[in-house]
Amino acid sequence: QVQLVESGGGLVQPGGSLRLSCAASGFIFRNYGMYWHRQAPGKEREQVAFIRSDSSVTNYASSVAGRFTISKDLAKNTVNLQMNSLKPEDTAVYYCKVIIGAITYWGKGTLVTVSS
């Protein structure tokens, strides 16, 4: 079965960095684009970043462009999100997602808190 397991969240000061990872299993990882989303307290879940199956295309929400980088590691079957210059407004639960056919699969998320 498809499984997505996020890790790497935690508490970081403003201006700091974190690297999130999502371990994927149960499907042919190299064949699918992957997404990172986030949901801040009291807000709707929003898409943060996308990477095409072959990593040839990436795109980012305007709020994180230039600070976040998404990447796929085919050797480890992980999709990563490098987050730099973090701001308090980046505080959220971060989820990875894959769409396979008509089904959307989500991980359980990892909490990122940006605070001094």
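The values are calculated or read from the model by the stated rules, or taken from the named source; none is laboratory data. Everything quoted here is computed from the prediction, not taken from an experiment. Cβ sites come from the backbone with ideal geometry, for glycine too, and all protein chains shown count toward neighbours. Remember, those area values only see protein heavy atoms, side chains included, never the ligands or the DNA or RNA. Shrake-Rupley method; radii C 1.70, N 1.55, O 1.52, S 1.80 Å.
Dipole orientation for the chain: of the candidates 74, 3, 15, 74 has the Cα lying most toward the positive pole (charges on Cβ; Lys, Arg +1; Asp, Glu -1).
3J(HN,Hα) along the range 50-61, derived from phi through the Karplus expression 6.51 cos²θ - 1.76 cosθ + 1.60 where θ = phi - 60°, amounts to 9, 9, 5, 3, 9, 6, 6, 9, 10, 9, 9, 5 Hz, with x in place of Gly and Pro. Dipole magnitude for the range 32-78: computed about the Cα centre from +1 point charges on Lys and Arg Cβ and -1 point charges on Asp and Glu Cβ, it is near 100 debye.
Considering only 115, 41, 55, the residue lying farthest towards the positive end of the dipole of the range 25-116 is 55, judged by Cα position with unit charges set on Cβ.
Based on protein heavy atoms only, the chain ends up with 53 Å² per residue of surface accessible to a 1.4 Å probe. For the chain, the fraction of 1.4 Å probe accessible surface lying on carbon and sulfur atoms is 48 percent. Placing +1 on the Cβ of every Lys and Arg and -1 on the Cβ of every Asp and Glu, with no other charges, gives the chain a dipole of roughly 100 debye about its Cα centre.
Building the convex hull from the alpha-carbon atoms of the chain and averaging its projection over directions returns 6.9 nm².
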